Amino acid sequence: MDGNYVALSVAMVVWIGVFIFLMRLDGRVKKLERNQ
Amino acid sequence: MWWKALLFIIMTAAIVAAFVTEAPQQQIGEASRIFYFHIPQAWISVLAFAMSMIYSIGYLRKRDILTDGRAADTAAIGLLVCILAAATGSIFAKVTWGSFWNWDPRESSIFLLLLIYGAYFALRGAVQDENRRATLSAVYSIFAFLTVPFLVFVLPRMVPSLHPSDSVVDENMKFVMGAEVWRILLTSLVGFSVLYLWMFNISGRIRKLSRARFEEI
């Protein structure tokens, strides 16, 4: 294995952050669509 | 919901594989791993700008203001991803060429592209009347996209460049990547494409909601 684990950790933190942000935004939009 | 879980798995797999496998180009070393993110970002920006042109044509045909909004949404995502592609390219340039920005033909062409789509949003911000704004920006978006193939695919190949040009295909258009590199790149491309579609879907729903609210008032 010839890995770069620091860069991997940073990339994973960014990706999980983006994913959680989009999931929450999607959920909020869904809620607003139901209330409309 | 299942596709969101699948997207999470695909992107996570692409990220992990990009950093734990051997670097795709041994001569360049660790910095070449950025290739797995830089190429999908460049691809998504071209796709998003193409979608903006398609929605702009749709607006000019149907004169539906929501269609104009969709053209702006996808152009915004394209611009954001284009900035990311420029940033990842710039990091690669620092490691391999010694400075973040060298005005290499690739860097100049992406800079022009950022200016062109930055001007699209400046135009949208400058026109008050909704229909006039939609018409002007639809026409602009169509002409803006005509420059994309030239700036992304033609111009950087017309003049000598430091940018690796044979990392995907060689001069005879034959794939030069190993099977593992190809698999990781393909996984990343699929992940970024689904992520783009998800962002585009959310922005469209927000636009519909705000339009409905605006019409209520």
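Please treat every number below as a calculation from the coordinates, not as lab data. All values derive from a computational prediction rather than experimental measurement. Every residue, glycine as well, gets a Cβ built from its backbone with ideal geometry; the counts of neighbours run over all protein chains shown.
In the protein assembly as shown, helical runs assigned H by DSSP with n ≥ 4 each contribute -39500 (n - 2.57); averaged across all residues and rounded to the nearest 500, the mean residue ellipticity at 222 nm is -27000 deg cm²/dmol. For the residues of B:14-22, the average number of beta carbons from a partner chain within 10 Å of their own beta carbon is 5. Peptide A:24-33 shows a mean partner chain C-beta count of 4 within 10 Å per residue C-beta. Lysine pairs in the protein assembly as shown whose alpha-carbon atoms fall under 19 angstrom of each other, counting only those eight or more residues apart or on distinct chains, come to 5. Kirkwood analysis of the Cα pair distances in the range B:34-109 returns a hydrodynamic radius of 13.5 Å. Rounded to the nearest 10 degrees, the angle from helix B:179-216 to the longest Cα principal axis of chain B is 10 degrees.
Here the gap between B:Glu130 and B:Asp64, fully extended at 0.36 nm per residue and compared with their Cα-Cα distance, gives a gain of 22.7 nm. For the protein assembly as shown, what percent of Cα pairs sit more than 32 Å apart? Counting every Cα pair in the protein assembly as shown, those more than 32 Å apart make up 29 percent. Converting the Cα gyration tensor eigenvalues of the range B:34-216 into ellipsoid dimensions via √(5λ) gives semi-axes, longest first, of 33, 18, 14 Å.
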